[in-house]
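In what follows, a structure is listed as C-alpha coordinates, so that the remarks can point back to it.
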Amino acid sequence: MLKRNLIKKSFAVLLAAAMTMGMAACGGSGNPSSPSGSSSDSGSESESPKDEGNEAAQSGEADGGTASADDLFGDEVTIRVMVWDRGNAAPGTTTENNTLTQYIKDQVKEKFNINVEYVSVPRSGSDDTLNIMMTGGQAPDIVFTYDQALYYNYASSGALTDLTDAYAKYGSDIAKFCGEAQGIGEDGGKRFAVMKQRGTESARHISYIRQDWLDELNMEIPTTKEQLGEYLYAVKEKGLGTPWGMSGRGDTEKMYLNFVGSYVPLEDERKAYIYNENYMAVAPEAKEGLKILNQWYNDGLITQEFPTDTSEDAFLADVSNGKIGFTLDDATHMWDPTQVLNNAVGHETFVPVMCFDLPDGSYRTPFEFRHGMFVMVPSASSDKAEACMKYLNWMADPAVAVNIRYTPDHEMDERGVALDLAEDVRNEKGYPGTADDLSIVNENFDWVNDYDLMSEVMYDTRTSDWVTAEWFKKYFEVSNTGKYIFPSYGYISEDEQTYGADVKSRMINFVYTCICCPADQFETTYESGYNELVNAGLQKILDARAAYYDSL
(Lines give C-alpha, C1' and ligand atoms only; values in the text may rest on other atoms or scores of the structure.)
Protein backbone atom coordinates (compact mmCIF):
# COMPACT_ATOMS: atom_id res chain seq x y z
CA MET A 1 0.00 0.00 0.00
CA LEU A 2 1.28 3.43 -0.86
CA LYS A 3 2.48 5.64 1.92
CA ARG A 4 -0.03 8.43 2.50
CA ASN A 5 0.79 12.03 3.10
CA LEU A 6 -0.88 14.05 5.83
CA ILE A 7 -3.65 15.25 3.55
CA LYS A 8 -4.53 11.70 2.59
CA LYS A 9 -4.38 10.57 6.21
CA SER A 10 -6.77 13.33 7.24
CA PHE A 11 -9.05 12.49 4.35
CA ALA A 12 -9.09 8.79 5.25
CA VAL A 13 -9.88 9.50 8.90
CA LEU A 14 -12.79 11.75 7.99
CA LEU A 15 -14.01 9.22 5.49
CA ALA A 16 -13.83 6.35 7.94
CA ALA A 17 -15.87 8.29 10.46
CA ALA A 18 -18.50 9.25 7.91
CA MET A 19 -18.94 6.04 5.94
CA THR A 20 -20.47 2.84 7.18
CA MET A 21 -19.59 0.68 4.19
CA GLY A 22 -16.29 -1.16 3.88
CA MET A 23 -13.39 0.56 2.18
CA ALA A 24 -12.09 -0.55 -1.19
CA ALA A 25 -8.53 -1.88 -1.18
CA CYS A 26 -5.71 0.57 -1.85
CA GLY A 27 -4.09 0.55 -5.27
CA GLY A 28 -0.57 -0.84 -5.42
CA SER A 29 2.39 1.30 -6.30
CA GLY A 30 4.16 -1.12 -8.58
CA ASN A 31 1.61 -1.99 -11.25
CA PRO A 32 0.53 0.60 -13.81
CA SER A 33 -2.77 0.90 -15.52
CA SER A 34 -2.64 0.65 -19.27
CA PRO A 35 -1.11 3.92 -20.46
CA SER A 36 -2.88 6.02 -23.05
CA GLY A 37 0.27 7.40 -24.65
CA SER A 38 0.34 7.29 -28.43
CA SER A 39 1.54 9.24 -31.42
CA SER A 40 0.76 9.27 -35.10
CA ASP A 41 3.21 8.53 -37.87
CA SER A 42 3.18 12.04 -39.32
CA GLY A 43 5.85 14.24 -37.84
CA SER A 44 6.74 11.69 -35.20
CA GLU A 45 10.18 11.51 -33.71
CA SER A 46 12.71 8.71 -33.95
CA GLU A 47 11.10 6.76 -31.11
CA SER A 48 7.48 7.61 -30.41
CA PRO A 49 5.55 6.48 -27.34
CA LYS A 50 3.81 3.16 -27.89
CA ASP A 51 0.21 3.28 -29.09
CA GLU A 52 -1.14 1.67 -25.97
CA GLY A 53 -4.57 3.25 -26.30
CA ASN A 54 -5.43 0.38 -28.64
CA GLU A 55 -4.10 -2.08 -26.07
CA ALA A 56 -6.41 -0.54 -23.51
CA ALA A 57 -9.31 -0.87 -25.94
CA GLN A 58 -8.53 -4.49 -26.62
CA SER A 59 -8.15 -5.15 -22.91
CA GLY A 60 -11.43 -3.39 -22.26
CA GLU A 61 -13.28 -5.45 -24.84
CA ALA A 62 -11.90 -8.60 -23.28
CA ASP A 63 -12.87 -7.54 -19.76
CA GLY A 64 -16.29 -6.05 -20.43
CA GLY A 65 -18.88 -8.74 -19.85
CA THR A 66 -22.38 -9.38 -21.09
CA ALA A 67 -25.52 -10.00 -19.12
CA SER A 68 -28.95 -11.36 -19.99
CA ALA A 69 -32.02 -9.16 -20.12
CA ASP A 70 -33.41 -10.88 -17.03
CA ASP A 71 -30.20 -10.14 -15.16
CA LEU A 72 -30.25 -6.50 -16.23
CA PHE A 73 -33.78 -5.99 -14.83
CA GLY A 74 -33.09 -6.62 -11.17
CA ASP A 75 -34.56 -5.72 -7.82
CA GLU A 76 -35.68 -2.12 -7.53
CA VAL A 77 -32.89 0.18 -6.43
CA THR A 78 -32.36 3.95 -6.34
CA ILE A 79 -29.10 5.57 -7.38
CA ARG A 80 -28.16 9.20 -6.93
CA VAL A 81 -26.11 10.77 -9.74
CA MET A 82 -24.10 13.98 -9.66
CA VAL A 83 -24.87 16.60 -12.31
CA TRP A 84 -23.28 19.98 -12.88
CA ASP A 85 -25.41 23.07 -12.37
CA ARG A 86 -24.41 25.91 -14.69
CA GLY A 87 -27.41 28.09 -13.90
CA ASN A 88 -28.83 27.67 -17.42
CA ALA A 89 -31.88 25.50 -16.82
CA ALA A 90 -34.84 26.13 -19.10
CA PRO A 91 -37.62 28.31 -17.65
CA GLY A 92 -39.82 26.33 -15.29
CA THR A 93 -37.27 23.53 -14.88
CA THR A 94 -34.27 22.76 -12.69
CA THR A 95 -30.92 21.09 -13.27
CA GLU A 96 -32.22 17.96 -11.52
CA ASN A 97 -35.69 17.85 -13.06
CA ASN A 98 -36.25 18.67 -16.70
CA THR A 99 -37.29 16.95 -19.91
CA LEU A 100 -33.91 15.30 -20.44
CA THR A 101 -33.47 14.03 -16.88
CA GLN A 102 -37.02 12.64 -17.04
CA TYR A 103 -36.21 10.84 -20.31
CA ILE A 104 -33.18 9.22 -18.68
CA LYS A 105 -35.14 8.28 -15.56
CA ASP A 106 -37.91 6.67 -17.59
CA GLN A 107 -35.50 4.69 -19.76
CA VAL A 108 -33.40 3.41 -16.88
CA LYS A 109 -36.44 2.49 -14.82
CA GLU A 110 -38.00 0.56 -17.70
CA LYS A 111 -34.83 -1.31 -18.66
CA PHE A 112 -33.20 -1.97 -15.29
CA ASN A 113 -35.76 -1.23 -12.55
CA ILE A 114 -33.42 1.49 -11.33
CA ASN A 115 -34.71 4.79 -10.00
CA VAL A 116 -32.41 7.73 -10.77
CA GLU A 117 -32.20 10.86 -8.68
CA TYR A 118 -29.92 13.75 -9.66
CA VAL A 119 -27.86 15.79 -7.22
CA SER A 120 -26.78 19.17 -8.57
CA VAL A 121 -23.31 20.56 -7.90
CA PRO A 122 -22.31 24.07 -9.05
CA ARG A 123 -19.93 23.75 -11.99
CA SER A 124 -17.66 26.44 -10.61
CA GLY A 125 -15.70 24.88 -7.76
CA SER A 126 -17.30 21.47 -8.32
CA ASP A 127 -14.22 19.59 -7.09
CA ASP A 128 -14.29 21.49 -3.81
CA THR A 129 -17.95 20.64 -3.39
CA LEU A 130 -17.25 17.01 -4.24
CA ASN A 131 -14.54 16.89 -1.58
CA ILE A 132 -16.94 18.22 1.04
CA MET A 133 -19.56 15.64 0.09
CA MET A 134 -17.03 12.79 0.06
CA THR A 135 -15.53 13.62 3.45
CA GLY A 136 -19.00 14.13 4.94
CA GLY A 137 -20.35 10.84 3.58
CA GLN A 138 -22.98 12.72 1.57
CA ALA A 139 -21.69 12.09 -1.94
CA PRO A 140 -24.08 10.71 -4.58
CA ASP A 141 -23.60 7.13 -5.81
CA ILE A 142 -22.01 8.35 -9.06
CA VAL A 143 -19.57 11.28 -8.97
CA PHE A 144 -16.98 12.60 -11.40
CA THR A 145 -13.99 14.90 -11.85
CA TYR A 146 -11.49 15.85 -14.53
CA ASP A 147 -8.74 16.11 -11.91
CA GLN A 148 -6.52 13.02 -12.06
CA ALA A 149 -4.79 13.89 -8.78
CA LEU A 150 -8.15 14.09 -7.01
CA TYR A 151 -9.20 10.75 -8.50
CA TYR A 152 -5.97 9.09 -7.44
CA ASN A 153 -6.24 10.56 -3.96
CA TYR A 154 -9.66 8.96 -3.61
CA ALA A 155 -8.58 5.65 -5.17
CA SER A 156 -5.43 5.24 -3.07
CA SER A 157 -7.09 6.22 0.22
CA GLY A 158 -9.92 3.70 -0.05
CA ALA A 159 -12.60 6.26 -0.87
CA LEU A 160 -13.78 4.53 -4.06
CA THR A 161 -15.54 1.28 -4.85
CA ASP A 162 -13.53 -1.32 -6.75
CA LEU A 163 -15.56 -1.59 -9.97
CA THR A 164 -13.57 -4.47 -11.47
CA ASP A 165 -16.25 -7.15 -11.08
CA ALA A 166 -19.16 -4.86 -11.97
CA TYR A 167 -17.34 -3.73 -15.11
CA ALA A 168 -16.58 -7.31 -16.12
CA LYS A 169 -20.24 -8.25 -15.67
CA TYR A 170 -22.08 -5.20 -16.98
CA GLY A 171 -19.55 -3.01 -18.83
CA SER A 172 -19.60 -4.55 -22.31
CA ASP A 173 -20.76 -1.41 -24.15
CA ILE A 174 -18.29 0.77 -22.28
CA ALA A 175 -15.52 -1.58 -23.41
CA LYS A 176 -16.88 -1.74 -26.96
CA PHE A 177 -17.50 1.93 -27.61
CA CYS A 178 -15.21 3.70 -25.11
CA GLY A 179 -12.47 1.11 -24.59
CA GLU A 180 -9.53 3.25 -25.72
CA ALA A 181 -10.17 5.65 -22.83
CA GLN A 182 -10.48 3.09 -20.05
CA GLY A 183 -6.88 2.20 -19.22
CA ILE A 184 -6.19 5.13 -16.93
CA GLY A 185 -9.22 4.23 -14.76
CA GLU A 186 -7.31 1.20 -13.42
CA ASP A 187 -4.61 0.95 -10.79
CA GLY A 188 -2.92 -2.17 -9.48
CA GLY A 189 -5.16 -4.37 -11.61
CA LYS A 190 -8.33 -2.87 -10.12
CA ARG A 191 -10.78 -0.48 -11.76
CA PHE A 192 -11.76 2.53 -9.72
CA ALA A 193 -13.25 4.71 -12.49
CA VAL A 194 -15.12 4.49 -15.74
CA MET A 195 -13.60 7.03 -18.12
CA LYS A 196 -15.65 9.29 -20.32
CA GLN A 197 -14.52 9.00 -23.94
CA ARG A 198 -14.01 12.33 -25.67
CA GLY A 199 -15.50 13.13 -29.06
CA THR A 200 -13.45 14.79 -31.77
CA GLU A 201 -9.75 14.22 -31.25
CA SER A 202 -8.44 17.71 -30.62
CA ALA A 203 -5.11 19.47 -30.49
CA ARG A 204 -4.43 21.15 -27.17
CA HIS A 205 -3.10 24.41 -28.60
CA ILE A 206 -2.85 25.92 -32.10
CA SER A 207 -0.95 28.90 -33.56
CA TYR A 208 -2.69 31.51 -35.72
CA ILE A 209 -1.19 34.13 -38.02
CA ARG A 210 -2.60 37.09 -39.94
CA GLN A 211 -2.76 36.00 -43.57
CA ASP A 212 -3.63 39.54 -44.68
CA TRP A 213 -0.50 40.90 -42.95
CA LEU A 214 1.60 38.24 -44.64
CA ASP A 215 0.15 39.34 -47.96
CA GLU A 216 0.91 42.98 -47.19
CA LEU A 217 4.48 42.05 -46.29
CA ASN A 218 4.77 39.84 -49.39
CA MET A 219 5.73 36.89 -47.19
CA GLU A 220 4.78 33.21 -47.27
CA ILE A 221 3.22 31.39 -44.32
CA PRO A 222 6.15 30.43 -42.06
CA THR A 223 6.96 26.77 -41.58
CA THR A 224 9.84 27.16 -39.09
CA LYS A 225 10.56 29.21 -35.99
CA GLU A 226 13.26 31.09 -37.92
CA GLN A 227 10.72 32.15 -40.54
CA LEU A 228 8.27 33.07 -37.78
CA GLY A 229 10.92 35.38 -36.29
CA GLU A 230 11.42 37.03 -39.67
CA TYR A 231 7.68 37.69 -39.90
CA LEU A 232 7.47 39.07 -36.35
CA TYR A 233 10.31 41.52 -36.94
CA ALA A 234 8.76 42.55 -40.26
CA VAL A 235 5.44 43.26 -38.56
CA LYS A 236 7.17 45.49 -36.05
CA GLU A 237 9.20 47.32 -38.68
CA LYS A 238 6.10 47.92 -40.79
CA GLY A 239 4.14 49.15 -37.76
CA LEU A 240 1.20 46.85 -38.38
CA GLY A 241 0.59 46.13 -34.67
CA THR A 242 1.87 43.87 -31.91
CA PRO A 243 3.66 41.00 -33.65
CA TRP A 244 2.89 38.26 -31.05
CA GLY A 245 -0.11 38.66 -28.76
CA MET A 246 -0.07 37.01 -25.35
CA SER A 247 -2.17 37.01 -22.20
CA GLY A 248 -1.04 36.36 -18.63
CA ARG A 249 -3.49 33.78 -17.31
CA GLY A 250 -1.99 32.05 -14.30
CA ASP A 251 -3.73 28.70 -14.78
CA THR A 252 -2.55 27.65 -18.24
CA GLU A 253 0.66 27.26 -20.22
CA LYS A 254 -1.14 27.64 -23.53
CA MET A 255 0.52 30.90 -24.59
CA TYR A 256 4.03 29.49 -24.78
CA LEU A 257 4.07 25.70 -24.32
CA ASN A 258 4.13 24.48 -27.94
CA PHE A 259 6.87 26.96 -28.79
CA VAL A 260 9.06 26.12 -25.81
CA GLY A 261 8.33 22.42 -26.24
CA SER A 262 9.60 22.51 -29.82
CA TYR A 263 13.13 22.88 -28.44
CA VAL A 264 12.76 19.64 -26.48
CA PRO A 265 13.40 16.36 -28.31
CA LEU A 266 11.58 13.38 -26.81
CA GLU A 267 13.98 10.60 -27.64
CA ASP A 268 11.94 7.95 -25.88
CA GLU A 269 8.76 7.35 -23.91
CA ARG A 270 10.56 7.67 -20.59
CA LYS A 271 11.50 11.29 -21.22
CA ALA A 272 8.01 12.00 -22.58
CA TYR A 273 6.52 10.69 -19.35
CA ILE A 274 8.88 12.60 -17.06
CA TYR A 275 8.56 15.87 -18.98
CA ASN A 276 4.95 15.76 -20.05
CA GLU A 277 3.09 19.00 -20.75
CA ASN A 278 2.99 19.92 -17.06
CA TYR A 279 6.79 19.86 -16.82
CA MET A 280 7.91 20.50 -20.40
CA ALA A 281 8.92 24.08 -19.62
CA VAL A 282 11.62 22.87 -17.21
CA ALA A 283 13.09 20.21 -19.48
CA PRO A 284 16.78 21.12 -19.96
CA GLU A 285 16.39 22.04 -23.64
CA ALA A 286 13.38 24.29 -22.96
CA LYS A 287 15.71 26.96 -21.60
CA GLU A 288 16.75 27.87 -25.15
CA GLY A 289 13.12 28.45 -26.11
CA LEU A 290 12.60 30.71 -23.09
CA LYS A 291 15.72 32.64 -24.03
CA ILE A 292 14.38 33.29 -27.54
CA LEU A 293 11.06 34.49 -26.12
CA ASN A 294 12.99 36.76 -23.77
CA GLN A 295 14.89 38.23 -26.71
CA TRP A 296 11.70 38.75 -28.69
CA TYR A 297 9.97 40.34 -25.71
CA ASN A 298 12.83 42.75 -25.16
CA ASP A 299 12.83 43.57 -28.88
CA GLY A 300 9.16 44.55 -28.59
CA LEU A 301 7.71 41.62 -30.50
CA ILE A 302 5.49 40.31 -27.66
CA THR A 303 2.70 42.15 -25.82
CA GLN A 304 4.65 44.16 -23.27
CA GLU A 305 2.07 44.18 -20.49
CA PHE A 306 0.82 40.62 -21.01
CA PRO A 307 1.54 39.29 -17.44
CA THR A 308 -1.00 41.77 -16.04
CA ASP A 309 -3.75 40.52 -18.38
CA THR A 310 -4.70 37.64 -16.08
CA SER A 311 -8.32 37.60 -17.30
CA GLU A 312 -7.11 37.73 -20.94
CA ASP A 313 -9.75 40.37 -21.69
CA ALA A 314 -7.11 42.64 -23.24
CA PHE A 315 -5.77 39.80 -25.38
CA LEU A 316 -9.20 38.89 -26.76
CA ALA A 317 -9.96 42.55 -27.41
CA ASP A 318 -6.68 42.87 -29.33
CA VAL A 319 -7.70 39.89 -31.48
CA SER A 320 -11.15 41.37 -32.19
CA ASN A 321 -9.67 44.80 -32.95
CA GLY A 322 -6.97 43.49 -35.27
CA LYS A 323 -4.02 44.63 -33.16
CA ILE A 324 -1.93 41.44 -33.15
CA GLY A 325 -0.31 39.45 -35.92
CA PHE A 326 0.34 36.03 -34.38
CA THR A 327 -0.63 34.05 -31.31
CA LEU A 328 -0.59 30.61 -29.72
CA ASP A 329 -3.80 29.72 -27.91
CA ASP A 330 -6.21 26.95 -27.02
CA ALA A 331 -7.28 25.33 -30.26
CA THR A 332 -10.59 27.14 -30.89
CA HIS A 333 -10.55 29.81 -28.17
CA MET A 334 -10.01 32.75 -30.49
CA TRP A 335 -12.44 31.74 -33.21
CA ASP A 336 -15.20 34.07 -31.99
CA PRO A 337 -13.06 37.23 -31.75
CA THR A 338 -11.45 36.33 -35.08
CA GLN A 339 -14.85 36.20 -36.76
CA VAL A 340 -15.72 39.55 -35.16
CA LEU A 341 -12.57 40.93 -36.77
CA ASN A 342 -13.33 39.29 -40.12
CA ASN A 343 -16.81 40.82 -40.18
CA ALA A 344 -15.40 44.23 -39.26
CA VAL A 345 -12.72 44.32 -41.97
CA GLY A 346 -14.63 42.34 -44.58
CA HIS A 347 -12.06 39.67 -45.33
CA GLU A 348 -10.25 36.67 -43.85
CA THR A 349 -7.58 37.49 -41.28
CA PHE A 350 -6.15 34.81 -38.95
CA VAL A 351 -5.34 31.36 -40.35
CA PRO A 352 -3.94 28.28 -38.54
CA VAL A 353 -0.20 27.82 -38.93
CA MET A 354 2.36 25.17 -38.00
CA CYS A 355 5.83 26.65 -37.67
CA PHE A 356 7.29 25.22 -34.45
CA ASP A 357 9.81 22.82 -35.98
CA LEU A 358 11.55 20.31 -33.71
CA PRO A 359 15.35 19.88 -33.71
CA ASP A 360 15.03 17.14 -36.37
CA GLY A 361 12.77 19.28 -38.58
CA SER A 362 9.53 17.45 -37.77
CA TYR A 363 6.59 18.77 -35.71
CA ARG A 364 4.82 17.82 -32.51
CA THR A 365 1.25 18.84 -31.77
CA PRO A 366 0.14 17.63 -28.32
CA PHE A 367 -3.41 16.26 -28.41
CA GLU A 368 -6.00 15.88 -25.72
CA PHE A 369 -6.11 12.45 -24.09
CA ARG A 370 -8.89 10.21 -25.32
CA HIS A 371 -10.14 9.98 -21.77
CA GLY A 372 -12.11 12.81 -20.24
CA MET A 373 -13.61 12.79 -16.78
CA PHE A 374 -13.14 10.11 -14.13
CA VAL A 375 -16.58 8.69 -13.26
CA MET A 376 -16.48 7.07 -9.82
CA VAL A 377 -18.60 5.27 -7.24
CA PRO A 378 -17.75 6.21 -3.61
CA SER A 379 -16.97 3.30 -1.32
CA ALA A 380 -20.07 4.15 0.73
CA SER A 381 -22.10 3.16 -2.35
CA SER A 382 -20.37 -0.17 -2.95
CA ASP A 383 -23.66 -2.04 -2.58
CA LYS A 384 -24.92 -0.12 -5.63
CA ALA A 385 -21.90 -0.76 -7.85
CA GLU A 386 -23.75 -3.04 -10.25
CA ALA A 387 -26.71 -0.68 -10.59
CA CYS A 388 -24.32 2.21 -11.27
CA MET A 389 -22.48 0.15 -13.88
CA LYS A 390 -25.75 -0.71 -15.65
CA TYR A 391 -26.58 3.00 -15.80
CA LEU A 392 -23.14 3.94 -17.16
CA ASN A 393 -23.02 1.06 -19.64
CA TRP A 394 -26.43 2.06 -21.00
CA MET A 395 -25.06 5.56 -21.59
CA ALA A 396 -22.13 4.15 -23.59
CA ASP A 397 -24.42 2.89 -26.37
CA PRO A 398 -24.03 5.49 -29.18
CA ALA A 399 -27.78 5.45 -29.87
CA VAL A 400 -28.40 6.41 -26.26
CA ALA A 401 -25.44 8.78 -26.04
CA VAL A 402 -26.61 10.84 -29.02
CA ASN A 403 -30.07 11.21 -27.45
CA ILE A 404 -28.53 12.51 -24.26
CA ARG A 405 -25.97 14.80 -25.90
CA TYR A 406 -28.39 16.25 -28.48
CA THR A 407 -31.73 15.43 -26.71
CA PRO A 408 -34.27 12.84 -27.92
CA ASP A 409 -35.84 15.55 -30.11
CA HIS A 410 -32.68 16.09 -32.16
CA GLU A 411 -32.59 15.72 -35.93
CA MET A 412 -29.88 14.28 -38.16
CA ASP A 413 -28.82 16.11 -41.30
CA GLU A 414 -28.40 14.42 -44.66
CA ARG A 415 -24.81 13.54 -43.79
CA GLY A 416 -25.82 11.66 -40.63
CA VAL A 417 -24.66 14.39 -38.24
CA ALA A 418 -26.76 15.18 -35.17
CA LEU A 419 -27.91 18.78 -34.90
CA ASP A 420 -28.23 20.82 -31.72
CA LEU A 421 -31.65 22.23 -30.97
CA ALA A 422 -31.98 25.97 -31.32
CA GLU A 423 -31.97 27.74 -27.96
CA ASP A 424 -35.60 28.82 -28.17
CA VAL A 425 -36.71 25.29 -29.09
CA ARG A 426 -34.60 23.82 -26.29
CA ASN A 427 -36.13 26.19 -23.75
CA GLU A 428 -39.65 25.59 -25.04
CA LYS A 429 -39.24 21.83 -24.68
CA GLY A 430 -37.66 22.12 -21.23
CA TYR A 431 -34.20 20.77 -22.03
CA PRO A 432 -31.13 21.96 -20.08
CA GLY A 433 -28.85 24.57 -21.58
CA THR A 434 -25.90 22.16 -21.51
CA ALA A 435 -27.31 18.74 -22.32
CA ASP A 436 -23.91 17.08 -22.53
CA ASP A 437 -23.42 17.59 -18.77
CA LEU A 438 -25.63 14.50 -18.48
CA SER A 439 -23.57 12.65 -21.10
CA ILE A 440 -20.82 11.39 -18.80
CA VAL A 441 -19.61 8.31 -20.70
CA ASN A 442 -19.53 8.60 -24.48
CA GLU A 443 -19.28 11.43 -26.99
CA ASN A 444 -17.32 9.43 -29.55
CA PHE A 445 -19.90 9.49 -32.34
CA ASP A 446 -19.31 8.16 -35.85
CA TRP A 447 -18.87 11.53 -37.50
CA VAL A 448 -16.74 13.40 -34.97
CA ASN A 449 -13.35 12.28 -36.33
CA ASP A 450 -14.22 12.53 -40.03
CA TYR A 451 -12.36 15.80 -40.50
CA ASP A 452 -13.68 16.55 -43.98
CA LEU A 453 -17.19 16.11 -42.65
CA MET A 454 -16.47 18.16 -39.55
CA SER A 455 -15.08 20.92 -41.77
CA GLU A 456 -18.39 21.03 -43.63
CA VAL A 457 -20.38 21.05 -40.39
CA MET A 458 -18.28 23.87 -38.95
CA TYR A 459 -18.65 25.84 -42.16
CA ASP A 460 -22.42 25.39 -42.09
CA THR A 461 -22.61 26.74 -38.53
CA ARG A 462 -20.18 29.66 -39.05
CA THR A 463 -21.02 33.09 -37.71
CA SER A 464 -19.00 35.01 -40.29
CA ASP A 465 -19.27 35.35 -44.06
CA TRP A 466 -15.52 35.77 -44.20
CA VAL A 467 -14.49 32.19 -43.60
CA THR A 468 -14.52 29.25 -45.99
CA ALA A 469 -14.83 25.48 -45.77
CA GLU A 470 -11.18 25.38 -46.82
CA TRP A 471 -10.29 27.37 -43.70
CA PHE A 472 -11.70 24.64 -41.49
CA LYS A 473 -9.94 21.95 -43.52
CA LYS A 474 -6.71 23.87 -42.99
CA TYR A 475 -7.41 23.91 -39.26
CA PHE A 476 -7.65 20.12 -39.13
CA GLU A 477 -4.62 19.75 -41.38
CA VAL A 478 -2.51 21.94 -39.09
CA SER A 479 -3.90 20.30 -35.95
CA ASN A 480 -3.00 16.82 -37.14
CA THR A 481 0.53 17.69 -38.22
CA GLY A 482 2.71 15.83 -35.75
CA LYS A 483 -0.25 14.63 -33.69
CA TYR A 484 1.09 13.47 -30.33
CA ILE A 485 -0.47 12.10 -27.14
CA PHE A 486 1.76 12.04 -24.09
CA PRO A 487 1.96 8.74 -22.18
CA SER A 488 -0.14 8.68 -19.04
CA TYR A 489 -0.87 6.31 -16.16
CA GLY A 490 -3.44 6.18 -13.39
CA TYR A 491 -0.70 6.44 -10.77
CA ILE A 492 0.38 9.76 -9.26
CA SER A 493 3.27 9.79 -6.81
CA GLU A 494 2.93 11.05 -3.26
CA ASP A 495 5.39 13.82 -4.11
CA GLU A 496 3.31 14.97 -7.07
CA GLN A 497 0.15 14.92 -4.98
CA THR A 498 1.88 16.95 -2.29
CA TYR A 499 3.76 19.49 -4.41
CA GLY A 500 2.26 19.24 -7.91
CA ALA A 501 -0.39 21.97 -7.85
CA ASP A 502 1.93 24.51 -6.23
CA VAL A 503 4.82 23.68 -8.58
CA LYS A 504 2.64 23.99 -11.69
CA SER A 505 1.38 27.39 -10.56
CA ARG A 506 4.88 28.55 -9.74
CA MET A 507 6.16 27.27 -13.07
CA ILE A 508 3.85 29.51 -15.09
CA ASN A 509 5.04 32.52 -13.10
CA PHE A 510 8.63 31.33 -13.60
CA VAL A 511 8.15 31.29 -17.38
CA TYR A 512 6.51 34.73 -17.45
CA THR A 513 9.37 36.14 -15.36
CA CYS A 514 11.97 34.60 -17.67
CA ILE A 515 10.24 36.05 -20.72
CA CYS A 516 9.94 39.56 -19.30
CA CYS A 517 13.22 40.06 -17.46
CA PRO A 518 15.94 42.30 -18.98
CA ALA A 519 17.97 40.38 -21.54
CA ASP A 520 21.21 40.74 -19.59
CA GLN A 521 19.53 39.24 -16.53
CA PHE A 522 18.07 36.15 -18.20
CA GLU A 523 20.66 33.66 -16.96
CA THR A 524 20.45 34.73 -13.32
CA THR A 525 16.64 35.01 -13.48
CA TYR A 526 16.37 31.51 -14.95
CA GLU A 527 18.78 30.00 -12.43
CA SER A 528 17.17 31.58 -9.37
CA GLY A 529 13.67 30.76 -10.59
CA TYR A 530 14.56 27.15 -11.32
CA ASN A 531 16.12 26.76 -7.89
CA GLU A 532 12.93 28.09 -6.32
CA LEU A 533 10.96 25.43 -8.19
CA VAL A 534 13.36 22.75 -6.95
CA ASN A 535 12.93 23.98 -3.38
CA ALA A 536 9.15 23.85 -3.89
CA GLY A 537 9.34 20.14 -4.78
CA LEU A 538 10.02 20.04 -8.53
CA GLN A 539 13.00 17.70 -8.36
CA LYS A 540 11.14 15.32 -6.06
CA ILE A 541 8.31 15.17 -8.59
CA LEU A 542 10.62 14.56 -11.55
CA ASP A 543 12.57 11.90 -9.66
CA ALA A 544 9.35 10.16 -8.65
CA ARG A 545 8.11 10.15 -12.24
CA ALA A 546 11.40 8.66 -13.41
CA ALA A 547 11.34 6.02 -10.67
CA TYR A 548 7.77 5.03 -11.47
CA TYR A 549 8.45 4.68 -15.17
CA ASP A 550 11.54 2.59 -14.45
CA SER A 551 9.45 0.32 -12.23
CA LEU A 552 7.09 -0.65 -15.03
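The values are calculated or read from the model by the stated rules, or taken from the named source; none is laboratory data. The shown structure was predicted, so the numbers you read here are calculated from the model rather than taken from an experiment. Here the Cβ is made from the backbone with ideal geometry for all residues, glycine too, and neighbour counts use every protein chain on show. The area values use the complete protein model at the heavy-atom level, side chains included, leaving out ligands, DNA and RNA. Shrake-Rupley method; radii C 1.70, N 1.55, O 1.52, S 1.80 Å.
Per-structure values
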{"read-out": "Close pairs from region 103-125: first free of Cβ contacts under 8 Å to residues at least 40 places away in the same chain and polar (S, T, N, Q), partner part of a strand (DSSP E or B) and surrounded by 14 or more Cβ atoms within 10 Å (Cβ to Cβ), Cβ under 6 Å, at least 6 apart", "value": "Ser120/Val83; Ser120/Asp85"}
{"read-out": "Among the candidates Phe144, Phe177, residue that is within 20 Å of the chain's Cα centre (by Cα), aromatic (Phe, Trp, Tyr) and open to solvent by 10 Å² or more (accessible area, probe 1.4 Å)", "value": "Phe177"}
{"read-out": "Residue match in region 216-239 (condition: within 19 Å of the chain's Cα centre (by Cα) and not hydroxyl-bearing (Ser, Thr, Tyr))", "value": "no"}
{"read-out": "Output for region 508-528, where each listed residue is over 19 Å from Glu277 (Cβ atoms) and not acidic (Asp, Glu)", "value": "Thr513, Cys516, Cys517, Pro518, Ala519, Gln521, Phe522, Thr524, Thr525, Tyr526, Ser528"}
{"read-out": "Near pairs, Cβ below 8 angstrom, 6+ apart or cross-chain, from region 364-392 (over 19 Å from Val83 (Cα atoms) and without any contact (Cβ under 8 Å) to a residue 40 or more places away in the chain) to any residue that is open to solvent by less than 10 Å² (accessible area, probe 1.4 Å) and of a type in the set (Gly, Ala, Ser)", "value": "none"}
{"read-out": "Subset of region 120-130 (residues that are more than 15 Å from Met373 (Cα to Cα) and open to solvent by 50 Å² or more (accessible area, probe 1.4 Å))", "value": "Pro122, Ser124, Asp128"}
{"read-out": "Count - residues of region 262-284 that are over 22 Å from Gly537 (Cβ atoms) and either open to solvent by 20 Å² or more (accessible area, probe 1.4 Å) or outside any helix (DSSP H, G or I) (or both)", "value": "6"}
{"read-out": "Matching residues, region 442-460, being in contact with an Asp or Glu (Cβ under 9 Å, 6 or more places away or on another chain) and part of a loop (DSSP other than H, G, I, E, B)", "value": "Glu443, Asn444, Val448, Asn449"}
{"read-out": "Subset of region 352-378 (residues that are touching a strand residue (DSSP E or B) at 6+ places or on another chain (Cβ under 6 Å) and among the polar types (S, T, N, Q))", "value": "Thr365"}
{"read-out": "Every residue from region 180-196 that is within 22 Å of Ala401 (Cα to Cα), part of a strand (DSSP E or B) and open to solvent by 10 Å² or more (accessible area, probe 1.4 Å)", "value": "Lys196"}
{"read-out": "Test for Asp452: is it surrounded by fewer than 18 Cβ atoms within 10 Å (Cβ to Cβ), acidic (Asp, Glu) and in contact (Cβ under 8 Å) with a residue 40 or more places away in the chain", "value": "no"}
{"read-out": "Test: Lys473 is under 30 Å from Met280 (Cβ atoms) and open to solvent by 50 Å² or more (accessible area, probe 1.4 Å)", "value": "yes"}
{"read-out": "Conditions (1) farther than 30 Å from Asp452 by Cβ; (2) surrounded by fewer than 22 Cβ atoms within 10 Å (Cβ to Cβ); (3) not charged (D, E, K, R); number of the one not met by Gly199", "value": "(1)"}
{"read-out": "Boolean, Ser311 is within 30 Å of Thr461 (Cα to Cα), of a type outside the set (Val, Ile, Thr) and surrounded by fewer than 17 Cβ atoms within 10 Å (Cβ to Cβ)", "value": "yes"}
{"read-out": "Scan of region 401-449 for residues that are in contact (Cβ under 8 Å) with a residue 60 or more places away in the chain, surrounded by fewer than 17 Cβ atoms within 10 Å (Cβ to Cβ) and small (Gly, Ala, Ser), ordered by number", "value": "Gly433"}
{"read-out": "Sole exception among (1) modelled with pLDDT of 95 or more; (2) basic (Lys, Arg); (3) assigned to a loop (DSSP other than H, G, I, E, B) for Arg415, by number", "value": "(1)"}
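A quick yes/no check of all residues on (1) β-branched (Val, Ile, Thr); (2) in a loop (DSSP other than H, G, I, E, B); (3) buried (at least 18 other Cβ atoms within 10 Å of the Cβ); (4) at negative phi:
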| position | (1), (2), (3), (4) |
| --- | --- |
| Tyr491 | no, yes, yes, yes |
| Glu496 | no, no, yes, yes |
| Met507 | no, no, yes, yes |
| Cys514 | no, no, yes, yes |
| Tyr530 | no, no, no, yes |
| Asp543 | no, no, no, yes |
